[in-house]
């Protein structure tokens, strides 16, 4: 996980406005049909190196507030599991034992490691949490040459061995959950809210990872912005009807947020690229948005074949896969590779 850092207030406010979340203040009822009244509770909290914004609707004020609190607490728990910035984090402690053989780990960390292995394989290694040491290297020493050619310790498939609740890392390895952790946390929170009977919810971690289901307190589905390379504009918006959205962008070496590392070159991706992925779950969306920044537009078809939809932008223009339900800001060609926002 990354340190708490400043986030774009404009982007956050835009997402709120588009999604219709300004409908009512916490606990204020708003009719979404003649028969049903929904109450909405809202929370905002610094967590996972960013800000969690959460809105939950339920049949009464107390239930909405309780559900919002429960979801907030669960996201905080996943931060405790996956942080590598605090020495009490479960992943931090696991990394510290690299080279010491099998370690007993908690259920949630085991679940996270299994997801890392699966999604790294699905993206052919373009998403690889074992680049943790390289993320730190390029953040702290942006002006230096690339490190010596790395061995199997920077590939999760060879660095990590997972057997149930026991796992081991090769010496000199370290895992970084920055390309999947927020998605895992939102997936857990969505599952909790659904199991407890929430009528709807929108969860947003810094604008880069979002999930929603049901409706807001006015009965409207949750609509969010799709970011562009130009941070002052957006490509349009999309309805999050039970799906998750993740946006990743390339950042230069030395960026406090950490760069996206190409595991093949061991260097930060420096070409301007931004990828937004719509998927059935947050972990998949986040892993693929990271992978697409690494792969570039050549990876879009692989993402589509994996069952996710994409808006990808680089200096050559924008690619929108045909299954991405983008409501554009202005009239554009409906061709899947039509230039947009150049």
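Laboratory data are not the source of any read-out in this text; all were calculated from the coordinates shown. Since this is a predicted model, take the numbers as computed values, not measurements. Cβ coordinates were reconstructed from backbone atoms using ideal geometry, including for glycine residues, and neighbour counts include every protein chain displayed.
Taking a ≥ b ≥ c as the square roots of the eigenvalues of the alpha carbon gyration tensor, the range 154-245 is oblate, as a/c is not under 1.5 and a/b does not beat b/c. Were the residues from residue 87 through residue 61 laid out at 0.36 nm apart, the gain over their Cα-Cα distance would be 5.6 nm. Note on residue 239 and residue 172: with the Förster distance fixed at 56 Å, the Cβ-Cβ geometry gives a FRET efficiency of about 0.80. So if the hydrodynamic radius of the range 90-178 is defined as the Kirkwood radius over C-alpha pairs, what does Stokes-Einstein give as its diffusion coefficient at 10 °C and 1.306 mPa s, in µm² per second? Stokes-Einstein gives a translational diffusion coefficient of 119 µm²/s. Length available on full extension from residue 158 to residue 103: 0.36 nm per residue minus the Cα-Cα distance, which gives 18.1 nm.
Report note on the peptides 320-328, 240-248, 154-162: ranked by the mean count of other C-beta atoms within 10 Å, highest first, their order is 240-248, 154-162, 320-328.
Please say if the range 275-332 is rounded, prolate or oblate, where rounded means a/c under 1.5 for a ≥ b ≥ c the square roots of the C-alpha gyration tensor eigenvalues, and otherwise the choice is prolate for a/b larger than b/c and oblate otherwise? In terms of gyration-tensor shape, oblate. Once the chain from residue 96 to residue 194 is taken as fully extended at 0.36 nm per residue, the excess over their C-alpha distance is 31.7 nm.
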